[in-house]
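Peer 1: To start, I am sharing the structure in question, which I have written as structure tokens.
Every read-out reported here was derived from the displayed coordinates using simple, explicitly stated rules and does not represent laboratory data. None of the values given here were measured: they were computed from a predicted structure. Cβ placement follows ideal geometry from the backbone for every residue including glycine, while neighbour counts extend to all protein chains displayed.
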Amino acid sequence: MRIPIQSVTPESGHAEVCGWVHEVRDLGGLAFFLIRDRTGIIQVTLPKKRTSEAVLTAAKQVSRESVVRVAGMVKAIDKAPGGRELVPDVFEIISMADSPLPLDVVEKVPADLDTRLDARFLDARRPRVAAVFQIRSAAMHVINQYLHHEGFINITTPKIVAAATEGGTDLFPIAYFNKEAFLNQSPQLYKQMMMAAGFEKVYEIGPIFRAEEHNTTKHLNEATSIDIEVSYADHHEVMRILEELIVKTYEYVNTTCSDQLSSLEISDFVVPKPPFPRLPYCEAIEIAKKRIEDPIEYGDDISPAAERALGSEMGGHYFIVNWPSEIRPYYAMPYENDPSICKAFDLMHPRMELSSGAQRVHQHDLLVQQIRKKGLNPESFEFYLRPFRFGMPPHAGWGLGADRLVMTMVGLANVREAVLFPRDMHRLVP
Ligand code: AMO
């Protein structure tokens with residue numbers, strides 16, 4: 001029976017493993033194969049004089065990255081990976097790999113990101129790449145667990161919709177029978193509607209689609225968003241939840257993914273310490289003004305240069321709070337004493353924005369007014385506005401980019417590296 005390579009020890013006796021042919025070295029009288037599965041690598045040694053003809057024939061034919069089944073006695077040996085080697089009496093080629101390989105799994109030949117993504121199935125055989133997705137999986141696991149434990153109900157909202165959430169133009173139109181339809185850019189309106197349904201605490205982890213023509217290292221056209229919405233909560237309360245979630249996620253990765261972190265050569269994984277600073281938007285602008293050359297004024301978005309300057313000033317995760325209402329969506333609640341600013345926030349990693357959120361407007365008439373102020377037509381939001389007329393609790397929430405969370409957590413240069421099959425302006429296949 002096949003056993004994971006990691007668990008093969010000199011005490012295993014006769015063992016069977018399956019995996020890919022990682023490397024082949026033929027020294028004449030002696031041949032060495034490194035066989036790899038997702039748990040590790042084992043040396044398979046063939047002393048030619050003492051090896052059966054069938055094993056030698058298969059070993060001679062096999063190409064790198066073919067899938068093989070190998071069985072034999074395990075012996076302790078200092079120089080081999082894991083301090084053991086397997087001397088095979090069975091060497092079966094299960095699936096032969098073509099040569100040449102589109103990508104060098106052993107990474108002797110460096111490949112650019114496009115080549116890697118084109119051959120993602122081979123790229124992901126690299127332990128360093130697999131580690132990213134194992135960490136991503138661990139992060140998603142603990143996020144689900146945390147939210148479930150905090151009493152959140154996991155919901156799934158439609159991705160085919162009739163209207164823009166944020167009112168922007170960044171939507172992908174789709175063919176939906178004879179109707180106009182789009183791919184949803186955020187579960188925003190639906191998660192808010194579930195507050196009217198009395199669910200109180202909801203979350204969704206799902207795809208969001210943005211038709212932005214950005215070609216940057218942090219934008220995707222299909223991203224994964226972790227969204228929450230909480231009734232009777234204000235912006236302070238949901239910022240506290242977000243902060244705790246980030247800390248718990250880092251803690252969990254730190255304690256459960258040590259092998260993956262070392263595959264990624266991360267020796268200084270730092271779990272952020274709460275509370276994260278709350279930096280008022282007006283102060284953020286003042287800091288940026290002093291530190292960057294491009295002009296920036298109160299009322300502007302935080303530019304990438306400003307983001308970098310603030311990041312190096314703050315040195316860790318931080319919130320930007322109290323944004324001008326003018327540059328936030330209609331659903332952000334204005335402060336009662338100064339409606340020119342609103343109860344919206346962004347969670348920032350020193351490298352980039354990770355999350356946006358706000359206490360929402362829950363009063364129907366104010367919401368209609370704010371939709372109009374943004375130059376949008378309340379009639380196209382009728383399905384969304386309706387619940388606000390029949391008892392809507394006050395509520396707040398946020399959306400956190402899962403891809404950027406993973407990217408910043410493990411220090412990837414490009415968000416595409418945190419996504420198995422990224423979608424951008426130039427990439428629709430595979
Ligand atoms: P926002 O548009 O800021 O807010 O999105 C929230 C978070 O989602 C991630 N994100 C992206 N990641 C990669 N590529 C993209 N193109 C992309 N767009 C967004 C970011 C971002 O911070 N409805 C609000 C959330 C809320 O208020 O609850 C919203 O969608 O990490």
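Peer 1: Aspartates and glutamates near Lys159 by alpha-carbon distance under 16 Å, same-chain residues fewer than 8 away left out - which ones?
Peer 2: Answer for Lys159, where 16 Å is the Cα cut-off: Asp170, Glu180, Glu204, Glu222, Asp227, listed by chain and number.
Peer 1: Hey, what do the phi angles of segment 236-247 turn into as Karplus ³J(HN,Hα) couplings, whole Hz, using 6.51/-1.76/1.60 and θ = phi - 60°, x for Gly and Pro?
Peer 2: Running phi through 6.51 cos²θ - 1.76 cosθ + 1.60 with θ = phi - 60° gives 4, 5, 6, 5, 5, 4, 4, 4, 5, 4, 4, 4 Hz.
Peer 1: Can I ask one more? Taking the Cα of Tyr176, stepping 7 Å toward and past its beta carbon, and measuring to each backbone N in segment 372-392: which are under 16 Å?
Peer 2: Taking a point 7 Å out along Cα→Cβ of Tyr176, the residues of segment 372-392 whose backbone N falls under 16 Å are 380-385.
Peer 1: To continue, here is another question. Which whole-number percent gives the relative contact order of segment 89-156, counting Cα pairs below 8 Å spaced six or more residues apart?
Peer 2: On the way: 20 pairs, mean separation 12.6, N = 68.
With pairs under 8 Å counted, the relative contact order is 18 percent.
Peer 1: Another one. Could you pull out the pairs from Lys75/Lys248; Lys248/Lys373; Lys191/Lys373; Lys201/Lys289 whose alpha carbons sit more than 31 Å apart here?
Peer 2: Details: Lys75/Lys248 42 Å; Lys248/Lys373 39 Å; Lys191/Lys373 23 Å; Lys201/Lys289 39 Å.
The answer is Lys75/Lys248; Lys248/Lys373; Lys201/Lys289.
Peer 1: So if I take the centroid of the Cα atoms in segment 51-86 and the same for segment 176-214, what is the distance between those two points in Å?
Peer 2: Using only Cα atoms, the two centres lie 52 Å from each other.
Peer 1: So which GluC sites (Glu not before Pro) in segment 250-322 are both in a DSSP loop and have at most 16 other Cβ atoms within 10 Å of their Cβ? Don't skip to the answer; put the middle values down first.
Peer 2: On the way: sites: Glu251, Glu265, Glu283, Glu286, Glu293, Glu297, Glu307, Glu313; in loops: Glu265, Glu293, Glu297.
Sparse-neighbourhood loop GluC sites (Glu not before Pro): Glu265, Glu293, Glu297.
Peer 1: Continuing with the same structure: When the Cα centres of segment 320-334 and segment 17-49 are compared, how far apart do they sit, in Å?
Peer 2: Centre-to-centre (Cα) distance: 60 Å.
Peer 1: Quick one: dipole size for the chain, taken about the Cα centre, charges +1 on Lys/Arg Cβ and -1 on Asp/Glu Cβ, in debye to the nearest 20.
Peer 2: Details: 47 positive and 57 negative charges, 241 e Å.
Taking the Cα centre of the chain as origin, the dipole is about 1160 debye.
Peer 1: Name the residue farthest towards the positive end of the dipole of segment 59-128 from the options Val68, Gly82, Ala124, assuming +1 on Cβ of Lys and Arg, -1 on Cβ of Asp and Glu, about the Cα centre.
Peer 2: Of the listed residues, the answer is Gly82.
Peer 1: Which value at 222 nm does the chain reach when only helices count, each DSSP H run of 4 or more adding -39,500 (n - 2.57), with the total divided by all residues and rounded to the nearest 500 deg cm²/dmol? Mind showing how you got there, number by number?
Peer 2: Numbers: 12 runs with 123 residues, N = 430.
Estimated from H runs of four or more residues: -8500 deg cm²/dmol.
Peer 1: OK, next. Using unit Cβ charges (K, R positive; D, E negative) and no other charged atoms, how large, in debye to the nearest 20, is the dipole of segment 130-262 about its Cα centre? Show your work: numbers first, answer last.
Peer 2: On the way: 9 positive and 17 negative charges, 59 e Å.
Using only the charged Cβ atoms, the result is roughly 280 debye.
Peer 1: A follow-up question, please. What is the packing order of peptides 225-236, 134-145, taking the mean over residues of other C-beta atoms within 10 Å and listing the highest first? Provide the component values of the computation, followed by the final result.
Peer 2: Working: 225-236: 21.2, 134-145: 17.9.
Ranked by mean Cβ neighbours within 10 Å, highest first: 225-236, 134-145.
Peer 1: In whole percent, what relative contact order does the chain give with Cα contacts below 8 Å and a gap of six or more residues? Before the final figure, lay out each step's value.
Peer 2: Details: 799 pairs, mean separation 54.9, N = 430.
It comes to 13 percent, rounded to a whole number.
Peer 1: What FRET efficiency comes out for the pair Arg240/Met96, r = Cβ-Cβ distance, R0 = 51 Å, nearest 0.05?
Peer 2: On the way: r = 56 Å, r/R0 = 1.09.
In this case the efficiency is close to 0.35.
Peer 1: For Arg351 and Ile327, what is the calculated FRET efficiency with R₀ set at 22 Å and r taken between the beta-carbons, to the nearest 0.05? Before the final figure, lay out the partial values.
Peer 2: Details: r = 21 Å, r/R0 = 0.97.
Approximately 0.55, to the nearest 0.05.
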